1. I need every pair where a residue in region 133-156 that is within 18 Å of LEU103 (Cβ to Cβ) and within 6 Å of the ligand (Cβ to nearest atom) has its Cβ under 9 Å from the Cβ of a residue that is among the aromatic types (Phe, Trp, Tyr) and modelled with pLDDT of 95 or more, sequence separation at least 6 or different chains.
2. Would you confirm whether any residue within region 18-35 is within 29 Å of ALA181 (Cβ to Cβ), out of contact with any Ser or Thr (no Cβ under 9 Å at 6 or more places or on another chain), in contact (Cβ under 8 Å) with a residue 40 or more places away in the chain and not in a helix (DSSP H, G or I)?
3. Any idea which residue in region 81-124 is farthest from the ligand (Cβ to nearest atom), counting only those that are polar (S, T, N, Q) and either under 22 Å from VAL165 (Cβ atoms) or within 23 Å of the chain's Cα centre (by Cα) (or both)?
4. Among the listed residues LYS64, LYS84, LYS60, which satisfies the condition of being over 27 Å from LEU244 (Cα atoms), touching a Lys or Arg at 6+ places or on another chain (Cβ under 8 Å) and either of a type in the set (Gly, Ala, Ser) or surrounded by fewer than 17 Cβ atoms within 10 Å (Cβ to Cβ) (or both)?
5. Test of understanding: among ALA219, ALA184, ALA208, which residue is aliphatic (A, V, I, L, M), within 11 Å of the ligand (Cβ to nearest atom) and either surrounded by fewer than 19 Cβ atoms within 10 Å (Cβ to Cβ) or farther than 26 Å from LEU82 by Cα (or both)?
6. Kindly list the number of the only condition in (1) within 15 Å of the ligand (Cβ to nearest atom); (2) at pLDDT below 95; (3) under 16 Å from VAL165 (Cα atoms) that fails for GLU74.
7. Just to be sure I understand, how many residues within region 54-80 are more than 20 Å from the chain's Cα centre (by Cα) and polar (S, T, N, Q)?
8. Quick check on my filter: what residues within region 180-201 are closer than 12 Å to ILE341 by Cα and part of a helix (DSSP H, G or I)?
Amino acid sequence: MITVPVKLAARSYNVLIGRDVLNDALSQVPKLFPRQRTIIVTDKVVAALHLEVLTRTLDKIGIKAQSIIIEPGEASKSFKCLEKLVDTFLDHNIERNEVVIALGGGVIGDLVGFAASITKRGVDFIQIPTTLLSQVDSSVGGKTGINTRHGKNFVGCFHQPRLVVADQALLDTLPKRERAAGYAEIIKAALIGDATMFERLETYESSALTEPHLSQAIAEAVAFKAKIVADDEREHGVRALLNLGHTFAHAFEAEAPKDIIRHGEAVAAGLAMAFQYSVHLGVCPNLDSQRVAAHLNAVGLPDGPLSLAHKTWNTQALVSRMRDDKKNQNGQITLVLARGIGSAYIHHATDETDLVNFMESML
Ligand SMILES: NC(=O)c1ccc[n+]([C@@H]2O[C@H](COP(=O)([O-])OP(=O)(O)OC[C@H]3O[C@@H](n4cnc5c(N)ncnc54)[C@H](O)[C@@H]3O)[C@@H](O)[C@H]2O)c1
């Protein structure tokens, strides 16, 4: 089992990574369960596959678990679901020193983390991520939240988990498409700040998604994110780099019909766009952008908006979505772009006319 610490003073915690590590990981932390009980929140799909194993594992170490099962999918990151969850925690008479467990992908982690943060002004939670995306990215760093009609993740807060257990055995049931989508966030980590890691991923081609390469890449991506989060927990500076490609990605997700494209697929297309726009601005070598597109292709990820499952895009509508991005300042679009592979930077005050022209040329 690999331990990656997230160093945040009193809010520090470990990410425990490995295959079949659930039992060992949870036995290490009995103090997290002062009343020998917990509530597991998961979605219907994950419940059918993994809830029983987790409940049994907890039972073996003397912890009784209740469960709350919600609908899978992005639509569950809503005020309605949040209210239901908080109410159910309160129905169980949860105390502030207790932990709840988020068992699932990024949707469950974001929703449960937020519900935990506002219940009785904050109860603790453990992340047990079950998608590749959530193991490498969303379970680490404490960003929690829900979507509103104004945009994705527009309501939320920072609430760090007490522990993250990323057990690769849970990924065995993950559909191929979800696995590839999660891998986009691993590529993202390398593209932001680790050119050597990207070179290694490139040489593995499609086997990057299989063992032993995958576990190694998960640990590397988590360590990369943990360092950035430790340096800038609240995203006042360097943490914004983790949004490489995301302003484009969120626009694609918002403009596509519901549930047609996966978040990681949008991120993949967004990464390709960020590199192409960087080339367009003359700050990044074209060869680097071509290498990014080639690796996305090699692992079966979209290398631009036209290779997403939805293909009919309206430039003005996309740019209007980009105008709503949380990173923007003084009404101007902020993008995370790249000077090359492993060298992301924050680009303020984007020239909108130029961006629109660029987007037109790509669509
Ligand atoms: N908090 C953050 O820092 C952060 C970072 C990145 C993304 N996110 C959020 O994460 C969400 C996307 O997360 P996701 O891609 O994990 O999606 P998801 O949680 O919707 O999971 C994808 C699908 O896979 C199913 N699933 C989950 N685990 C499975 C397993 N082991 N076997 C079979 N099926 C399984 C789920 O039921 C769901 O249908 C988005 O809402 C995004 O905004 C948050």
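The values are calculated or read from the model by the stated rules, or taken from the named source; none is laboratory data. These figures come from a predicted structure and were not determined experimentally. Neighbour counts are summed over all protein chains in view; Cβ atoms, including those assigned to glycine, are modelled from backbone coordinates with ideal geometry.
1. LEU133/TYR183
2. So far as region 18-35 goes, yes, one or more of its residues are within 29 Å of ALA181 (Cβ to Cβ), out of contact with any Ser or Thr (no Cβ under 9 Å at 6 or more places or on another chain), in contact (Cβ under 8 Å) with a residue 40 or more places away in the chain and not in a helix (DSSP H, G or I).
3. It comes out as ASN97.
4. LYS64
5. ALA184
6. (3)
7. Qualifying residue count for the region: 4.
8. Those that are closer than 12 Å to ILE341 by Cα and part of a helix (DSSP H, G or I): ILE187, LYS188, ALA189, ALA190, LEU191, ILE192, GLY193, ALA195, THR196, MET197, PHE198, GLU199.
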